[in-house]
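Before any comments, here is the structure.
The values are calculated or read from the model by the stated rules, or taken from the named source; none is laboratory data. Treat the numbers as computed from the prediction; the structure is a model and nothing was measured. When we count neighbours, we look across all protein chains shown, and the Cβ atoms used for this are built from the backbone with ideal geometry, even at glycine.
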């Protein structure tokens, strides 16, 4: 009887609702791992970009469930997967400071958390990299980039959306951190905000980007 009760009391996978002792059930975890396409690209932004997976299928659904179904534990679990890939691959860099892309305060109040920051903190806890979300703020309540219809609209939506501040002490190179990379407009505006205060961004880390 106690065995059945243990199964009944287990938390459920946020994607398929099966009982599981960890965040994802075995089947969903395997499907998510199948999305891994870890690589470092040298983008048109002039900085290296580390991406963990392909923004499609179950990984795309996981990101949506995290943000719109109040499931921050998904970001925590995916952040650990990113950290493992970072440490095991040729991407591992020590001596950097991670700055997650912020939400506007109004949107974060509604959602209850910033998925990029939850991802980044989980990643940094595992890799022992400093996480400094206080260095970047979103001052413009932009609409979600997924709702924009063109590259120009995405750029205009994010124009002057961020304000950065210098670290109070001599800092390691700053790497931006976000959940999704598509056109690069978000990262570009964050780079511009840091440039305005004399700080050069060294790279970016993202959970997923579309397959090219």
Checklist (1) at pLDDT below 95; (2) buried (at least 16 other Cβ atoms within 10 Å of the Cβ) applied to residue 44, failing item: (2)
Residue in the range 72-86 that is touching a strand residue (DSSP E or B) at 6+ places or on another chain (Cβ under 9 Å), modelled with pLDDT under 95 and not assigned by TED's automatic domain parsing to the domain that holds residue 23 present: yes
Residues of the range 86-124 that turn out to be under 14 Å from the mean Cα position of the chain (by Cα) and either surrounded by fewer than 18 Cβ atoms within 10 Å (Cβ to Cβ) or more than 19 Å from residue 50 (Cα to Cα) (or both), as a count: 3
Residues that are touching a residue at least 24 places away in the same chain (Cβ under 8 Å) and part of a loop (DSSP other than H, G, I, E, B), drawn from the range 17-31: 22, 23, 24
